[in-house]
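See structure below.
The values are calculated or read from the model by the stated rules, or taken from the named source; none is laboratory data. Since the structure is predicted, the reported quantities are computational estimates derived from the model, not experimental observations. Glycine also receives a Cβ, built like all others from the backbone with ideal geometry; neighbour counts cover every protein chain displayed. What goes into the accessible areas is simple: the full protein's heavy atoms, side chains included, and nothing from ligands, DNA or RNA. Shrake-Rupley method; radii C 1.70, N 1.55, O 1.52, S 1.80 Å.
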Amino acid sequence: MENQIYAIPEDIMRGSGTQLFDHIAECLANFMDKLQIKEKKLPLGFTFSFPCHQTKLDESFLVSWTKGFKSSGVEGRDVVDLIRKAIQRRGDFDIDIVAVVNDTVGTMMTCGYDDQNCEIGLIVGTGSNACYMEEMRHIDMVEGDEGRMCINMEWGAFGDDGTLNDIRTEFDREIDMGSLNPGKQLFEKMISGMYMGELVRLILVKMAKAELLFQGKLSPELLTTGSFETKDVSDIEDDKDGIQKAYQILVRLGLSPLQEDCVATHRICQIVSTRSASLCAATLAAVLWRIKENKGEERLRSTIGVDGSVYKKHPHFAKRLHKAVRRLVPDCDVRFLRSEDGSGKGAAMVTAVAYRLADQHRARQKTLESLKLSHEQLLEVKRRMKVEMEQGLSKETHEAAPVKMLPTYVCATPDGTEKGDFLALDLGGTNFRVLLVRVRNGKRRGVEMHNKIYSIPQEVMHGTGEELFDHIVQCIADFLEYMGMKGVSLPLGFTFSFPCQQNSLDQSILLKWTKGFKASGCEGEDVVTLLKEAIHRREEFDLDVVAVVNDTVGTMMTCGYEDPHCEVGLIVGTGSNACYMEEMRNVELVDGEEGRMCVNMEWGAFGDNGCLDDLRTVFDVAVDELSLNPGKQRFEKMISGMYLGEIVRNILIDFTKRGLLFRGRISERLKTRGIFETKFLSQIESDCLALLQVRAILRHLGLESTCDDSIIVKEVCTVVARRAAQLCGAGMAAVVDKIRENRGLDNLKVTVGVDGTLYKLHPHFAKVMHETVRDLAPKCDVSFLESEDGSGKGAALITAVACRIREAGQR
């Protein structure tokens, strides 16, 4: 370790802040010149041993000067900024100020390098202060409740509120009144080296005036403030020739001391320094007791790193301090470790750690940057979505278009005259619902619903089509029996939430399975026929399957029952999709020019032709390649609940492999696909969830994390979910803008009916998506209406409308 000591002249200590920091910069330049390192931009740790309000590791605002400093224009300002500006004024070298620490913290870090039990730092020199490792859960000023953080106590100000008035003497009060900062740092003025000699001098003056010393004679030197130094106290208390030293010092002060004067002066020095050590021990005992209580240990083993001229140079101070501490906290095994290299080494160590952490932070941010989308990128996504929509609607390009824009044959919304009992099936994921929907008209217009949820086992999802539809019919039979309606024949609406080619309201050809389904013999088949065949195989009941609809269409119809402006449906849950009311003249796959038809976009396949490749990250590619349908539903894999957790898991693995997270240790559970469920994203991002609870979630996943790890995981979840919401918003902006342009309107007022767990349960998804739509489609006044009853009610309402239209036709 190379070092150089520079003096700060008194006129600079009491001059302007500019002079002080220019002097520091000059000393730094001289030192770098000497080592021939001026051309390098090195990281700097700055030990600044005055009371500061620290807001970051490299930002510290001076609260008040102590130790005789009075430089103007510094209090209330960031000292790191001041030294940076002083370096810039010189212009002959540059430096990266990474950390500013208190000398006490530096001392603790220096000693902690040699003894891992070191969790307290103590300085007793010109001034006095302490620091210690506090539990994060007790530090209300900083976010986080796990792990520990070093607290700079600034204990010199202990007693400034009057709590020590009963033990302060007239001499303490006189020192305070004559100081540069009256009423402040009262504890420091009772124990530190700057004031110890002055305390002895005041006592000697009083005793001389009372004719108890020096035959009642005073000298001009003894009456001079600061003439009796703390070094004199140490010399006088020396065991070998202290009395002789006392004589020499008193003579230097213009006195003619007798033997008893020298003995008395020795005793006064002893009393003052012993009080200082005892007060220091009492406060240290309080710190040790707190650490012991925090840890809940019966017996604490702890090390205190110590520095400062009084502790090191006074012949008895250290021994008295140790003895008093052990007497006050007998249930603590305390080791005192002298800092041999000063607090500067500790500052350098803090800087080294901070530099490593900053490097890691930069590496993480560089990775996450690829998931952060600019306004321009989102506008481009909107533009590309509009292009793909046009391709899907056109007869010429439909077959090759990934965004299929499928006609649904839903051309009317409820008008309030519908009535009757209808069954609805809602199949769109691992659970499905059977519903009985009673629609009333007239004055008591309303919808009454009864439903039951059934699960679909994975072996059925991956089995044959017959097994899947037999299972569905078995659940319908169970529901009819549960409702006491066995054998009743009712019209049925079937919500089937997979990509289909719809040829009429009651005929829908499954194009491909998504969401983890793999049942054989279904793709290319009419799902209504498959359902009817399964009903006939059972031979228990018959049902009139009137309409088959997508869940997105069902959601739009449900919300349309509440709000006549609802012309768009959106699902953001396990999967994602959208539908909207398109002008018939644009739906080239169906004959007719008049009116409108609901188009099922199947927007999950947006990007399957490579048009989003410039936005997809390595993590998106990894998730896609290991999915059940590689290369398909690429947009859905970037925005829906089934995949977001998996994107997060891949990022966490990448960070851990590079040593940027979890100390570089990958748990077996983190290697397991699907372990990081999307519900964890919602929980982790919850505003009311403390980091302790984030750690509990990670522990459940077999991940032992620090407080910092929890913050990083939370940031990854935020970035991934925000991108999903923004992409979803860009897609929706394309839809509402197309409706507006179709109708030749300057402004459009429209409502989007929304369903899906990600939209409903994630704490920020909906808000970010709404903001994105507003930003990208400023000429559209878009409202979002949550579907409270799921898409099943919509299927029943479509069935009710179809039955109404059918009956009107028959009449």
*So for the pair residue 625, residue 668, with labels modelled 7 Å out along Cα→Cβ, what separation do we get in nm?*
2.5
*What part of the accessible area of region 29-70, given as a whole %, is carbon or sulfur when the probe is 1.4 angstrom?*
51
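If you roll a 1.4 Å probe over region 109-201 with all protein chains in place, what percent of the accessible area is carbon or sulfur?
Values: 2090 of 4070 Å².
In region 109-201, the share of accessible area belonging to carbon and sulfur is 51 percent.
Would you mind classifying the chain by shape? Square roots of the alpha carbon gyration tensor eigenvalues, ordered a ≥ b ≥ c; an a/c under 1.5 is rounded, otherwise it is prolate if a/b is larger than b/c and oblate if not.
Values: a/c = 3.50, a/b = 2.97, b/c = 1.18.
It comes out prolate by the Cα gyration axes.
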*Determine, for each peptide in 293-304, 547-558, 10-21, the mean count of other beta carbons within 10 angstrom over its residues, then list the peptides with the highest first.*
547-558, 10-21, 293-304
*Within the accessible area of region 607-786 (1.4 Å probe), percent carbon and sulfur*: 51
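Using a probe radius of 1.4 Å on heavy atoms only, what accessible surface per residue do you get for the chain? Whole Å² is fine. Write out the running numbers ahead of the final one.
Values: 35860 Å² over 811 residues.
I get 44 Å² per residue for this part.
As a test, work out the antiparallel percent of DSSP beta bridges whose residues both lie in region 104-339, rounded to the nearest 5. Walk me through the numbers on the way to the answer.
Working: 10 of 22 bridges.
Of those bridges, close to 45 percent are antiparallel.
If I take R0 = 22 Å and measure r between the Cβ atoms of residue 5 and residue 42 in this structure, what FRET efficiency does the formula 1/(1 + (r/R0)^6) give, to the nearest 0.05? Intermediate results must be reported in sequence, preceding the final value.
Values: r = 20 Å, r/R0 = 0.89.
That gives a FRET efficiency of 0.65.
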*asked:* Taking 20 Å as the cut-off for C-alpha to C-alpha distance, list the pairs among 56/657; 67/231; 404/767; 760/793; 679/714; 231/319 that go past it.
replied: 56/657; 404/767
*asked:* Students often check this: by mean Cβ neighbours within 10 Å, which of 382-393, 512-523 ranks highest, and how do the rest follow?
replied: 382-393, 512-523
*Which value in nm describes the separation of the simple spin-label points at residue 540 and residue 209, placed 7 Å from the Cα toward the beta carbon?*
10.7
*What is the antiparallel percent of DSSP beta bridges lying wholly in the chain, to the nearest 5?*
55
_Under 8 Å for C-alpha pairs, at least 6 residues apart: give me the relative contact order for region 279-355, rounded to a whole percent._
40
*Among 152, 368, 702, whose Cα lies farthest out toward the positive end of the dipole of the chain, if unit charges sit on the beta carbon of Lys, Arg (+1) and Asp, Glu (-1)?*
152
_Centroid-to-centroid separation of region 175-243 and region 111-152 [C-alpha atoms, Å]_ = 33
*Part-to-part distance (alpha-carbon centres) for region 307-358 and region 373-399, which is given in Å*: 66
*At a Förster distance of 45 Å, what's the computed FRET efficiency of residue 241 paired with residue 55, Cβ-Cβ distance as r, to 0.05?*
0.30
_Cα→Cβ-extended label distance, 7 Å offset, between residue 486 and residue 27, nm_ = 9.5
*By its C-alpha gyration tensor, with a ≥ b ≥ c as the square roots of the eigenvalues, how is region 303-355 shaped: rounded for a/c under 1.5, else prolate for a/b larger than b/c, else oblate?*
oblate
